Amino acid sequence: MAHTVRIPIYGRRPPCATSSRIDDWHQRLRVLRLERLRKPEKPEDFVVYEDSDDEEENLAAETQVLRTSYNFVDYVRCREMGGREPSWVGSDFGSRHILTHEMFKEYSVSLSNMNKVFCSQWLSDRQVVFGTKCNKLMVYDVVTERLDQIPSLQGRRDPVAAPQEQQCGIHSVQINPSKTLLATGARNSSEIAVYRLPTLDPVCVGEGAHRDWVFDMCWLDDQFLVSGSRDTRMALWRIQEDDLINREDVPSYKHIQALSVKDCRSAQKVRAVAFNKSFQEIAALSLNGYIHIWNAETFKQVKLSRKLPSCQENVCLAVQDSGMYAVGCRSYTLLLDARTLQAVKKIPTRYSGCGIRSASFQGNVLTIGTGVGILMFYDLRAGKYLDSSINSSRTVVLKASKGWVFPDEEYIDGFQHIKYTPAIYTHCYDSSGTRLFTAGGPLPANLYGNYAGLWQ
């Protein structure tokens, strides 16, 4: 939604200050108050209280409501005329409008015979980088529909002596805040590789920290990077300016060691890591159903670990700008308060047993990728799934195309034949929030295939 603080030129109030707006605002507050006072059938284990009613209805808040225009035309006119009024547009305005009006259309991306896309990020307004289970780092141009493979970086280990199972794929691609470096997996899946942006020239390979696959990474700032591995270790890396200087004509890269390597206590196989900028902490999700909090400034696990309500398939973790965590489980998405790690909300899936495979925040909209090829969108402010403006009786969902699978579109699970649908292992919005890249592949480990689509 657009916000423009209007300053009156003549009179005491701007044109948007109508009494009906205050009446509508009070009505919404009454509805919210009744909703909070309503006793649920099953009492919650953890209750969050918002600001008091007296604070909500004070004079300053009413003045702010009267002076603020939520009209997008006012925002555009203010920007065109160079007005000094404070104005901004919510980060989820574009994506919310396109979703609720069902304007997204999928354009399938052909990936030939690649196997399962695990991670993706937008490099620019026309390029997407993604990593696959077959250890390929690819760049897709959404305009020309061209696919380019970026060579993987090799560590100093003997590639002949390295076991074949060490090449299990690229599970994470992360871009630093200033968009100058890209961190991802190396040829050996227990090592990390760093590339320079936008040229994607090699910078360095980080080695010696992990003995097993690196599942996820996160940037703390433009230099410091944290990686989490299946060997239960967390590693802190630093990419210095000397590493970025290439004095040779042919692009080359360095080999670096981690600044610190520590075991994540009470963890079994670190599956996902995320940096919470609001609280200056690192959250790590382990496959035994724990979330662990590390101090980002000291790189110490000095805070706490908490057992999650569900121990099944906790594979994805997302952080909102305000600091809230979202954890994807087998049958629901769990919202956690960053201060206590208590469950604020359990968001059940609309499809039983589908499994949550990817999650991300876009403003106040939580995007959820499932294991049955469906994307769902949860409105945090409304406390429910996003409703369609075209048909108010249904919620907004995006159903992915099938992609490609080998050997057959039907496989046997137990004693029954199940129709194949791709799992959405990764999704990412572009900077405008008006385009969405989704990718994945078959959920069973014994199936080979891929899926990728561009929604715009």
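Read-outs: derived from the displayed coordinates by stated rules, not from any lab. These numbers come from a predicted model, not from an experiment. Quick reminder, even Gly has a Cβ in these numbers, built from the backbone with ideal geometry, and neighbours come from all protein chains shown.
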Quick one: length gained pulling THR340 to TRP25 fully straight, 0.36 nm per residue minus the C-alpha distance? 110.3 nm
For the stretch 185-343, I need the span (max minus min coordinate) of the C-alpha atoms along each principal axis, in Å, sorted largest to smallest. 54, 29, 27
Evaluate Rg over Rh across the stretch 307-367, taking Cα atoms for both radii and Kirkwood's formula for Rh. 0.93
Report relative contact order for the stretch 259-344 in percent, whole number only (criteria: Cα-Cα under 8 Å, sequence separation at least 6). 20
Whole-Hz couplings from phi, Karplus 6.51/-1.76/1.60, listed for the stretch 377-394; x for Gly and Pro: 9, 10, 8, 5, 5, 7, x, 7, 5, 5, 8, 7, 7, 7, 9, 5, 7, 10
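Trypsin sites (Lys or Arg not before Pro), restricted to the stretch 260-351: which are DSSP loop and have at most 15 other Cβ atoms within 10 Å?
On the way: sites: LYS262, ARG265, LYS269, ARG271, LYS277, LYS300, LYS303, ARG306, LYS307, ARG330, ARG339, LYS345, LYS346, ARG350; in loops: ARG265, LYS269, LYS277, LYS303, ARG330, ARG339, ARG350.
In loop regions of the stretch 260-351 (DSSP not H, G, I, E or B), the sparsely surrounded trypsin sites (Lys or Arg not before Pro) are ARG265, LYS277, LYS303, ARG339, ARG350.
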By per-residue mean of other Cβ atoms within 10 Å, what is the highest-first order of 422-430, 396-404, 141-149? 422-430, 396-404, 141-149
Using a 7 Å offset from the Cα along the Cα-to-Cβ direction at both ARG265 and GLN240, what is the distance between the two label points in nm, to one decimal? 3.1
With no solvent and one point on each alpha carbon, what is the Debye value of log10 I(q)/I(0) for the stretch 270-339 at q = 0.14 Å⁻¹? -0.36
Suppose we take every Cα in the stretch 98-455 and form the convex hull; what volume per residue is that in Å³? 143
For the stretch 123-139, what does the Karplus curve 6.51 cos²θ - 1.76 cosθ + 1.60, with θ = phi - 60°, yield as ³J(HN,Hα) per residue in whole Hz, taken in order and with x for Gly and Pro? 7, 7, 6, 9, 10, 10, 9, 8, x, 10, 5, 7, 6, 10, 9, 10, 10
